[in-house]
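Everything on this sheet refers to the single structure shown next.
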Amino acid sequence: MFKKTLSLFLSMVMLISLAAVQVHAVMPAVSKEDLKVGAVFIGPSDDGFTGAHYNGIEKMKEAVGLSDEQILYKFNVPENSECESAMRELVDKGCQIIFGNSWGYMNYMEELAEEYPDVVFSHCSGYKNNGVNFNNYFGRIYQARYLSGIAAGLKTTTNKIGYVGAWPDNAEVNGGINAFALGVQSVNPDAVVYVKFINSWGDPTLEKQTAEALLAIDCDVIAQHVDSSMPQVAAQEAGKFGCGYNTDMTAVAPDAHLTAPVWNWASVYTAEIEDLINGVWEPVNYFYGLKEDMVDISPLSKNVAEGTAEKIEEAREKIVSGEWDVFTGPIYNQDGEEVLKEGETLSDADITGTFMVELLIKGVKVE
Amino acid sequence: MSSRFHLYVSQRGEVSKAQEYTMRILALVAALIAGGVFLLLLGFNPFEIYATMLKGALSTEGMRQETVKLMIPLCLTSLGVTLAFKMRFWNIGAEGQICAGAIAASYFAYFHNHLPQGILLSVMAVAAIIAGGLWGMLPAYFKTRFDTNETLFTLMLNYIIGFFITYLREGPWRDPQGGFAATPRFLKQARLPLVNFPGVGNVHIGWIVMFVILIWVFFYLRYTKQGYELTVVGENINTARYAGMPVKKIIMRTMFLSAGICGLVGMLQVAGPDRQLTDAVANGRGFTAVSIAWLSRLSPIGIALVSFLFSVMEKGCSMMQTDFRIPASMSEILQGIILFCVLGGEFFINFRIGRTRKEA
């Protein structure tokens, strides 16, 4: 009798623990040979933003040892139902994990994740996570922007720095501007960052015109959060300086370019794929930075001011060691109100969310 | 003595239906060959690629669903612009009329979503038709009142309404959650139901709307007084005037219908596949529809066929890109080559190029 009760008890324990495992939802391992990775990207493989993602996937492919046939790309996919169609096609072709690199894909991916619970949907730049098979990843590009701000702050002589921004009221764009301005102010408290938004992620003609307008109000360093290298070209033509974005733009503006914040998406792609192969993929959100080599600045060019390398190295060490991060108080908004107290640090949710949407710091002027 | 060849273009006389279709088939074959040469130059096997395109568009139920989803807006928009084109009113503004319909439908989806699904969707559809129609009547009014150029007028209106969607997304209709601007998702009751399309599977109800409008346009153009009137206005506006037709009214009415159908496309897109308002709701379909309408010679049945072929090509090209790792721009070039040949073929149906030998 006792034995029976015991076995009943034990089997119940087993059942419960099995159920518990299912709730925790670690995706089953996929063998390296069977793995198919889908990538749905907003731009073509050779533009700034998607180009960096493409390089990341290709590096991941080398690092993990996958073949070309195991990576299925979809480029130039707009942020409407076409992204869903593209992803359905990739599921149809047997992809076990699908990456999407644009904000507007988020809700489609969330609903697809529910429809296809065996497939991992990993979304870049969003905030949602369904706790099962849908997560998101992004990078602390603001850390790299802070470092490039140091180079700009040391270089300027007019103490006016121009910044060609993409969209206003956007957490990533504002975060970039604020971090850049904090970098500038860390070495040059008097410098002002003048921002002009172009209401687009990329538009070469408009980018150049906007940079020229900033140069015309006496800015002598032009930073950018837009896709093309035209702002750097404008700086070069005016005999001024600039910080690019996405790729090292020294080649297109050899006498102007200082350094550019760049992405290295390979780190997150490799981490997710290796986890999936090893059967330990979990729906966690990735927010890697300088420490994980997800973001960095391109090598300093010959144009940087003396002492730039040392100042940047100093800041980099503090960030990488975790001793300090960019958004540490005191931080003041444009009305001079303290929005972050001395010693306090912004949470990741604030950095990527509405807090940042509403914040431009003191020393930033929107033109 | 030197002799030179001179090329001249002359209009063909009567072209029989059989000749016409032979030319078309030849043009399609030429298009596939030209595309094939391009693919060969890139180092691909054209047969393999064409087979992949067909397979990618039609081989599985899932793929057929995606192809039909592409076809619904293309076919309907082409039918819409055809009404205006029959009247020789160059409506290049379908893109904007789709947006207008999408905005009106989204308004009800976001702010009146307490209504039951059937009523809400009907209200959204009617609102979209009216909004699209009114947006299209604007250039029609200026055309009849001030004789403005409708090609430019309709084209320019596209940009205005396109940016208006961006404004709504960035401002009043922005989803307050998250760090980036986007409109919220539609609730369940503002989404189109799925209906089984025999042999294809579940596709949003827009496919039925497509067939209904197709049949309606066919009968409207062929068997109604209004259809006759707009054709006469197109053939010769003075004849229409002498016959005592109310020309201005006909132009306004026809543009309302033309743009109204395009507006309905906007509603079907936001409530069907998109399930939210995006600035890519039209995404060039308004312009593709112009090519489709012309290739079909403004015949509704032709439009159904050509828009189906366009959808197969688009879906096929997407599959080809992925399977062969062909850059997106290359697949766009291939589509361009095919279109160029097919459209070029239309020229040869009407004209011939001859050579004369001139003594100098």
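Computed from the coordinates by the stated procedures, all read-outs in this text should not be read as laboratory data. Note that the structure is a prediction, hence the values are computed from the model and not measured. FYI the Cβ positions are ideal-geometry reconstructions off the backbone, even for glycines, and counts take in every protein chain you see.
In Å, what Kirkwood hydrodynamic radius results for the stretch B:69-301 from the alpha-carbon pair distances?
Kirkwood radius, the stretch B:69-301: 17.9 Å.
What is the diffusion coefficient of the stretch A:175-228 in µm²/s, taking the Kirkwood radius over Cα pairs and the Stokes-Einstein relation at 37 °C with a viscosity of 0.692 mPa s?
Translational diffusion coefficient: 274 µm²/s.
Run through all the Cα pairs of chain A and give the fraction in each 20 Å bin from 0, expressed as whole percent.
Result, from short to long distances: 29, 51, 17, 3, 0 percent.
Which angle from 0 to 90°, rounded to the nearest 10, does the C-alpha axis of helix A:81-92 make with the longest principal axis of chain A?
40 degrees
Mind running the shape call on the stretch B:15-88? Use the C-alpha gyration tensor, a ≥ b ≥ c as the square roots of the eigenvalues: rounded below 1.5 for a/c, prolate if a/b tops b/c, oblate otherwise.
Oblate shape, in that a/c is at least 1.5 and b/c is the bigger or equal ratio.
Sticking to Cα atoms, compute the Rg of the stretch B:225-360 to one decimal and its Dmax as the biggest Cα-Cα distance, whole number, in Å.
20.5, 69
Which of B:Trp173, A:Trp263 has the fewest other C-beta atoms within 10 Å, and how do the rest follow up to the most?
B:Trp173, A:Trp263
Computed FRET efficiency, Cβ-Cβ of B:Phe340 and A:Ala309, R0 45 Å: what is it to the nearest 0.05?
It comes out at approximately 0.25.
How about A:Lys61: which aspartates and glutamates have a C-alpha closer than 15 Å to its C-alpha, ignoring those fewer than 8 places off in the same chain?
A:Glu33, A:Asp34, A:Glu69, A:Glu272, A:Glu274, A:Asp275
Which of the listed residues, A:Trp324, A:Ala179, A:Met60, is farthest toward the dipole's positive end in chain A, when Lys, Arg count +1 and Asp, Glu count -1 at the beta-carbon?
Positive-most Cα among the choices belongs to A:Trp324.
With label points built 7 Å along Cα→Cβ from the Cα atoms of A:Thr205 and B:Arg12, find their separation and express it in nm.
Distance between the two pseudo-spin positions: 3.9 nm.
Where does the protein assembly as shown land on Rg(C-alpha)/(2.2 N^0.38 Å)?
Computed over Cα atoms of the protein assembly as shown, the ratio equals 1.09.
Out of residues 5 or more away from A:Ile97 or on other chains, whose amide H comes under 5 Å of its own, with H placed 1.01 Å from N in the peptide plane?
Amide H neighbours of A:Ile97: A:Lys36, A:Gly38, A:Val120.
Kindly provide the Kirkwood hydrodynamic radius of the stretch B:1-140 in Å, to one decimal, from all pairs of distinct alpha carbon atoms.
It is 20.3 Å.
What does the charge dipole of the protein assembly as shown about its Cα centre add up to, to the nearest 20 debye, if the Cβ of each Lys and Arg holds +1 and the Cβ of each Asp and Glu holds -1?
Dipole about the Cα centre, nearest 20: 3880 debye.
Students often forget the sequence filter, so: which lysines lie under 21 Å Cα-Cα from A:Lys311 once same-chain residues fewer than 8 apart are removed?
Within the straight-line cut-off, A:Lys311 pairs with A:Lys155, A:Lys160, A:Lys291, A:Lys302.
Taking only pairs that are 8 or more places apart or on different chains, how many Lys pairs in the stretch B:69-301 have Cα atoms under 26 angstrom apart?
Summing the qualifying lysine pairs gives 10.
For the stretch A:267-329, which trypsin sites (Lys or Arg not before Pro) are both in a DSSP coil and crowded by at most 16 other Cβ atoms within 10 Å?
A:Lys291, A:Lys302
Starting from a Cα-only point model with no solvent, please compute log10 I(q)/I(0) by Debye for the stretch B:206-268 at q = 0.14, 0.18, 0.19, 0.20 1/Å.
Values, matching the q order: -0.46, -0.69, -0.75, -0.80.
Expressed as cubic angstrom per residue, what is the convex hull volume of the alpha carbon set of the stretch A:28-178?
Value for the stretch A:28-178: 135 Å³ per residue.
Would you mind ranking B:Lys249, B:Lys55, A:Lys36 so that the residue whose beta carbon has the fewest other beta carbons within 10 Å leads the list?
Lowest to highest Cβ neighbour count: B:Lys249, B:Lys55, A:Lys36.
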